[in-house]
Structures are given as C-alpha cells and as structure tokens.
Amino acid sequence: MWVAKPIYESLPYFYLLVGALCLAASMYVNHWYWPTISFGTGLVCLVAGLVVLLKRRDFRNTDRRTGH
C-alpha cells in the first residue's frame, strides 16, 4: 500500500492525537462501557504512535550511519 509522503510522515502524530483525545474522552463519558473502551483505545493509540516514532527514528539513524 502506497501513501503520499506527507500523510505517511504525519501518521504517528495522528495516532498520538487520537490517543490523547480518547483518553480525555474517557474521563467525561459515563454511558455503558464507553469509558473503558475509550481508555483502552487511547492507550493503544498512544503506544502505537510512540512505537512508530521510535522505530522510524532508529531506522533513520541506522540508515544514516551505514550510508544507504
């Protein structure tokens, strides 16, 4: 799957934003299981965003050192 570079580069920040919004929403939503669902989704999105950011940073640093 090919994605335009600006979209590809902004995906980790989008994940972090969605995660933060879901965590904030979990504090204000009181209906059914939505606080738990939004908290879990927020946590997963935050972790996914951080993992993608760190993996890209490590790959780019390694790629820069090897000269490829």
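Observations on the structure shown:
- Checking the stated criteria, ARG57 turns out to be within 16 Å of the chain's Cα centre (by Cα) and either exposed (fewer than 14 other Cβ atoms within 10 Å of the Cβ) or modelled with pLDDT under 95 (or both).
- For the stretch 7-54, a residue qualifies if it is surrounded by 14 or more Cβ atoms within 10 Å (Cβ to Cβ), β-branched (Val, Ile, Thr) and either part of a helix (DSSP H, G or I) or modelled with pLDDT of 95 or more (or both), and the qualifying residues are VAL18, ILE37, THR41, VAL44, VAL52.
The values are calculated or read from the model by the stated rules, or taken from the named source; none is laboratory data. Note that this is a predicted model, so its numbers are computed, not measured. Don't worry about glycine lacking a Cβ; one is built from the backbone with ideal geometry, like all the others, and counts go over all protein chains shown.
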